[in-house]
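The values are calculated or read from the model by the stated rules, or taken from the named source; none is laboratory data. All values derive from a computational prediction rather than experimental measurement. As a convention, Cβ positions derive from the backbone with ideal geometry for all residues, glycine included, and neighbour counts pool all protein chains shown. In case anyone asks, the SASA skips ligands and DNA or RNA and just uses the protein heavy atoms, side chains included. Shrake-Rupley method; radii C 1.70, N 1.55, O 1.52, S 1.80 Å.
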Amino acid sequence: MPLAVILVLLLLKHIPATASLPLARAAGVVAFGYAAFLALRLVQGEEAVSVDGWTELRPSMVEYFACYGAAALAVVLMSAVIFVGSTSIVEPTQMLAAFTAATLLGAGAVGIGIGGLFTRVRWNNTLLEHHTAFGKQTSLAWSDVSSVRPNWRGITIATHDARKVTFSQFHSGAAQLAKHATNRARRNAETATKAFATL
C-alpha cells in the first residue's frame with residue numbers, strides 16, 4: 001500500500017492541476033514513514049504479557065509511532081493552513097490539499113488510538129476479554145469460539161452466536177492470541193462434530 005501511495009503521488013506530480021503541490025515531498029514523507037514502520041516491526045516484541053493470571057496484549061511501538069506521528073503531522077499541516085494562509089497569499093489548491101491531508105491524518109490518529117492504543121485485550125484458560133476505549137467490555141468463553149479471521153481492522157475472533165472481538169495484528173502478542181484462538185476454534189469444531197456423530 002505505501003508503494004502504491006508513492007506511485008500515485010508521483011503520477012499526480014505530472015498532472016497540470018496538481019503539479020504545483022509539494023507531492024514529491026509528500027512521497028518522501030510516506031517513504032520515510034514506511035521505513036520507520038519496517039524498522040519498528042523488527043524490534044517489536046512478539047510475546048504477550050502475563051499479569052495476575054491473565055495474558056494481555058500490549059500496543060507496539062509501530063502503533064505508538066503511527067498514532068502520535070500522524071497526530072503531529074496533522075497539527076503541523078493545520079498550523080500551516082491557519083498561519084501561512086492568514087499571512088500570505090497561497091494557491092487555493094495548496095490550501096485545500098494541506099487541509100485535506102491534515103484532516104485525514106488527524107482521523108487516522110484518532111482511529112489508531114481508539115482501535116489500538118486505548119483498548120485492552122486479555123485472556124486466561126476460560127475467557128477472552130476485550131475492553132474498548134469507551135469502556136465497553138466483551139467476554140467470550142473459549143468453548144464458544146468458532147472462527148478466527150483476519151480483516152482490514154486486524155484479527156477477529158467470533159463465536160457461534162455472532163459475538164466478536166477484534167484486535168490489532170500489530171499488538172505485541174497478537175500472533176500468540178490468534179494461534180491460541182485458532183486451536184480452540186478447531187478443537188470446538190471437532191468436539192461439535194463428535195457430539196453430532198453420536199446422536
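Charges on Cβ only, +1 for Lys and Arg, -1 for Asp and Glu, centred on the Cα centroid of the range 1-69; of Met61, Ala48, Val8, which one is farthest towards the dipole's positive end?
Looking along the dipole axis, the top candidate is Val8.
Any chance you could run the full-extension gain for Arg153 through Arg41? It's 0.36 nm times the residue separation minus the Cα-Cα distance, nm to one decimal.
Numbers: separation 112, 0.36 × 112 = 40.32 nm, distance 1.77 nm.
Full extension of this stretch gives 38.5 nm more.
Using a 1.4 Å probe on the protein chains only, how many percent of the accessible area of the range 54-199 belongs to carbon and sulfur? If you can, show how the numbers build up before the last one.
On the way: 5560 of 8520 Å².
It is 65 percent, rounded to a whole number.
For the chain, what does the accessible surface come to per residue with a 1.4 Å probe? Please give it in Å². Could you put the intermediate results ahead of the total?
Numbers: 12300 Å² over 199 residues.
That works out to 62 Å² for each residue.
Which of rounded, prolate or oblate describes the range 38-85 when judged by the alpha-carbon gyration tensor and an a/c cut-off of 1.5? Kindly include the intermediate steps, with their values, before the conclusion.
Values: a/c = 8.74, a/b = 2.73, b/c = 3.20.
Oblate.
Give me the Kirkwood hydrodynamic radius of the chain in Å, from all C-alpha pairs, to one decimal place? Don't skip to the end; give the middle numbers.
On the way: mean 1/r = 0.0509 Å⁻¹.
The Cα-based Kirkwood calculation yields 19.6 Å.
Among Ser139, Gly154, Asn188, whose Cα lies farthest out toward the positive end of the dipole of the range 75-199, if unit charges sit on the beta carbon of Lys, Arg (+1) and Asp, Glu (-1)?
Asn188
Longest span of the chain, sites excluded, free of GluC sites (Glu not before Pro) in DSSP loop with at most 16 other C-beta atoms within 10 Å?
Details: sites that count: Glu46, Glu47.
So the longest stretch without any such site is 48-199.
Suppose each label sits 7 Å from its Cα in the direction of the beta carbon; what would the Phe134-Val5 distance come out to in nanometres?
That separation, rounded to one decimal, is 2.6 nm.
Specify whether the C-alpha gyration tensor of the range 1-49 places it in the rounded, prolate or oblate class, a ≥ b ≥ c being the square roots of the eigenvalues: rounded for a/c under 1.5, otherwise prolate if a/b is larger than b/c and oblate if not.
It is prolate, given that a/c is not under 1.5 and a/b is the larger ratio.
Over the range 14-154, what is the relative contact order in percent, taking alpha-carbon pairs closer than 8 angstrom and at least six residues apart?
Working: 125 pairs, mean separation 28.7, N = 141.
Computed over the range 14-154, the figure is 20 percent.
Which number gives the lysine pairs in the chain that have C-alpha atoms under 30 Å apart and are eight or more places apart or on different chains? Walk me through the intermediate numbers first.
On the way: Lys136/Lys164; Lys136/Lys179; Lys164/Lys179; Lys164/Lys194; Lys179/Lys194.
Final tally of qualifying lysine pairs is 5.
Through the Karplus equation 6.51 cos²θ - 1.76 cosθ + 1.60, θ set to phi - 60°, convert the phi angles of the range 62-73 into ³J(HN,Hα) values in whole Hz; use x for Gly and Pro.
Per residue, the Karplus-derived 3J(HN,Hα) values read 4, 5, 4, 4, 5, 5, 6, x, 5, 5, 5, 5 Hz.
Might you report the magnitude of the Cβ-based charge dipole of the chain about its Cα centre, with Lys and Arg at +1 and Asp and Glu at -1, to the nearest 20 debye?
On the way: 16 positive and 10 negative charges, 80 e Å.
Around 380 debye, computed over the chain.
For the range 34-128, go through all pairs of different Cα atoms, get the mean of 1/r, take its inverse, and jot down that Kirkwood value in Å.
Numbers: mean 1/r = 0.0634 Å⁻¹.
The Cα-based Kirkwood calculation yields 15.8 Å.
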